[in-house]
Amino acid sequence: MGLLSEGSPLSWEETKKYSQHVREHGIQQFINLYKRLKNRQGDVLKWGDEVEYIIVKFIDERREAKVSLRAKEILAILTEKEQADPLSCKSLWRPEYGAYMVEGTPGKPYGGLLAHFNIVEANMKMRREEVTQLLKENECVMSITSFPRLGCENFTDPPYKTTPDEGCTRSLFFPDEAIYSGHPRFKTLSKNIRLRRGKKVAMNLPIFRDINTVIPVDDSYKHSKAALPDHVYMDAMGFGMGCCCLQLTFQACNIKEARTLYDQLTPLCPIMLAFSAASPAHRGFLTDVDCRWSIIAASVDCRTDEERGLKPLSEDKFVIKKSRYDSIDSYLSPQGEKFNDIPLIYDPEVYQKLRDNDIDHLLAQHIAHLFIRDSLVLFSEKVHQNDEEDTDHFENIQSTNWQTMRFKPPPPNSTIGWRVEFRPCEVQFTDFENAAIVCFVVLLTRVILSYQLDFLIPISKVDENMVNAQKRNACAEGMFWFRKDITTQVSPPEASEVCQTSKSSQNISDSFAKMTVNEIINGKEGEFPGLIPLINNYLSGMDVDADTHCTIQQYLKFIQRRASGEILTTASWIRKFVTEHPEYKQDSKVSESINYDLLKTIDAIQSGKLKCPELLGTSVISKTRENIPAAMTKDSCA
């Protein structure tokens, strides 16, 4: 979710009054930090994952499932170990937007040893068990991207009524009580986004049209001009920020490597979004999209009518093309500059101040672009800061630009280096799937750096890919722009041989083509080497013990099979489950009983009680504390 400073939140009027103050001091804080740390060298690879979970309550006698609003109570117990002994914790826990959500990370980052891939899944399993121990008999912790009936009547436990005429969100569907109350940031964000925008946020997802689908899908259009009759309408931040995701953070050896990884991973974001698609059902309906991304972008879209280009600029400074939650708008490395083909909106005064302090053009425009946004939450205790030591004003803006990638400077007075955060993936049902995705992306970063691979394509094509990635069944059927020749002089000869584009080509448009997810990940004979073959080539030159080799190959085979269409994405599996359910009326609706059976089945799959080869394949051996090497269990997060 970003920065979680403690304090007393100011009203929106006071926050708005201090927005320029926050921007000015935030930029100065970044300049001071950059000058101190721009030449920092020698940090080793460290990385970690973040998994978000939803707490579900089953009411078996009525065949109903609700989100359980007990996150605050559960987190109070989960965080006791960290408060007592932060250095020995094997997992860390943080609140998320929903009062039914928790976020878990490893207690310590993983390092550069390949053997660490043996403990990722075991740590995820341990985290799940930690929460499970605190649940009531009829509750379950689930790593699902979206609760299918979020926003339906009485979807929470305990149930609450919505208050469309008062409160933070004023939603027709999402009660304020479903927002996490243990930290003032979340409700304040909800309120201030609505106030800054001048109206409620609005999301409209096209309905999945089945034989008996009725249009209009409901009477939302009668209550809101923003609702489209043939779409599923949602009107609260909770519909986006109440979804769960899977994220990774990498530490680079220096700022140059961090900028390279930021750029090279950017074209992978839509590919991995399509690959991890897991959210076709929203507000009790099947929609015609498979992913959460556009929902979450719209759920925090605080742009005014002027900033969205609906009115001439008068009170505001910029027309801004995207929400503050979206794909990135520019590359950061010199190699990426020629692919920045979208005019970047940035604050010229901020840009000039950064340039005057010897910050290069690409980084200066990136920061100046982030700082076209206002502060959304400000605590009275944090208004006045020491810009030489504090970075809260910088992080205030940085952490509320929720983009596919995040470039993260080292925290002040810390041993942590320059980092990059990879943010597009939807969370999967099982620890096996989540571990497989994490290990695949981590391995890919090593291959990118070792072989100096080049994935860069125009930013406009990445944006186009992000739209296509969310379409129904995009992983199997979608076509995505991708670079044809990704190799360099240090890449494996066999990979270079299958790439067709000449490095001497001066025409950028000749360097990329449309490919399927299968072709990108598994390769296309004679034309594209594929990411998995490149990873396997890299591993062939490493000293890998048998157990680690087995673990990695299980994960890579899962990635290959899903990319090829041999097994389903989570979204396709959910859609199939609903449409084949005996109670489904071919009307696009996910009823209480269908939702109950769906979540019960997911629970059985994630616990290992039910095999699901169409989702996981046939040869999954989960890594647990019982079957990882004894030497690795001494410190599961070392």
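Taken about its Cα centre, the range 102-215 carries a charge dipole of about 680 debye when Lys and Arg each add +1 at the Cβ and Asp and Glu each add -1 at the Cβ. Helices assigned as whole DSSP H runs in the chain whose Cα atoms extend at least 27 Å along their own long axis and whose mean Kyte-Doolittle hydropathy is 0.0 or higher are found at 431-451.
Between Q83 and K136, the FRET efficiency estimated from the beta carbon spacing at R0 = 25 angstrom works out to 0.55.
If a/c stays under 1.5 just call it rounded; otherwise compare a/b with b/c (prolate if a/b is bigger, oblate if not). Do that for the range 231-378, with a ≥ b ≥ c from the square roots of the Cα gyration tensor eigenvalues. Taking the square roots of the gyration eigenvalues as a ≥ b ≥ c, the range 231-378 is oblate.
For the peptides 365-377, 304-316, the ranking by packing is 365-377, 304-316, with the highest mean count of neighbouring Cβ atoms within 10 Å listed first. Cross-link partners of K125 among aspartates and glutamates, defined as those whose alpha carbon lies under 16 angstrom from its own and excluding same-chain residues fewer than eight positions apart: D49, E50, E52, E103, D431, E433, D603, E626, D635. Here the alpha carbons of the range 1-98 define both size measures, Rg and Dmax, at 20.4, 63 Å. Partner lysines whose Cα lies under 17 Å from the Cα of K321, excluding those fewer than 8 positions away in the same chain, are identified as K311, K461.
Under the shape rule built on the C-alpha gyration tensor, where the axes satisfy a ≥ b ≥ c, the chain is rounded, since a/c falls short of 1.5. A dipole drawn for the chain from +1 and -1 charges on Cβ atoms has a positive end, and of G112, Q428, L616 the residue lying farthest that way is Q428. Taking the helices alone, the chain has a mean residue ellipticity at 222 nm of -10500 deg cm²/dmol, built from -39,500 (n - 2.57) per DSSP H run of at least 4 residues and averaged over all its residues. Between T618 and E61, the distance separating the two model label sites (each 7 Å from Cα on the Cα→Cβ line) works out to 4.4 nm. Rolling a 1.4 Å probe across the protein heavy atoms gives the chain an accessible surface of 38 Å² per residue. Measuring only protein heavy atoms, the 1.4 Å probe finds L113 accessible over about 110 Å². Run down the lysines and flag those whose C-alpha is under 18 Å from the C-alpha of K524, throwing out any fewer than 8 positions away in its chain. Here the lysines satisfying the reach criterion relative to K524 are K484, K514, K557. Taking the range 302-357, how much of its Cα-Cα pair set, in percent, is spaced more than 12 angstrom apart? Roughly 73 percent, once rounded to a whole number.
If you roll a 1.4 angstrom probe over the protein chains with everything in place, what fraction of the accessible area of the chain belongs to carbon and sulfur, to the nearest %? Before the final figure, lay out the partial values.
Values: 12070 of 24400 Å².
C and S fraction of accessible area: 49 percent.
Taking a ≥ b ≥ c as the square roots of the eigenvalues of the Cα gyration tensor of the range 398-475, is the shape rounded (a/c under 1.5), prolate (a/b larger than b/c) or oblate? Here the range 398-475 falls in the rounded category.
Placing unit charges on the Cβ atoms only, positive for Lys and Arg and negative for Asp and Glu, gives the chain a dipole magnitude near 400 debye about its Cα centre. Taking 31 Å as the limit for the C-alpha separation, the pairs K66/K199; K222/K382; K66/K471; K16/K353; K57/K589 exceed it in the case of K222/K382.
About the centre of its Cα atoms, the range 376-495 shows a dipole size close to 500 debye [charges on the beta carbon of Lys, Arg (+1) and Asp, Glu (-1) only; nearest 20 debye]. For T163, nonlocal amide neighbours, meaning residues 5 or more places apart or on other chains whose placed amide H falls under 5 Å from its own, are S171, D176.
The values are calculated or read from the model by the stated rules, or taken from the named source; none is laboratory data. Just so we're clear, the structure is a prediction, and the values are computed from it rather than from any experiment. All Cβ positions, even for glycine, are placed from backbone atoms using ideal geometry, and neighbour counts span all protein chains on display. Each accessible area value is taken on the protein alone, full model and side chains, heavy atoms only, with ligands, DNA and RNA left out. Shrake-Rupley method; radii C 1.70, N 1.55, O 1.52, S 1.80 Å.
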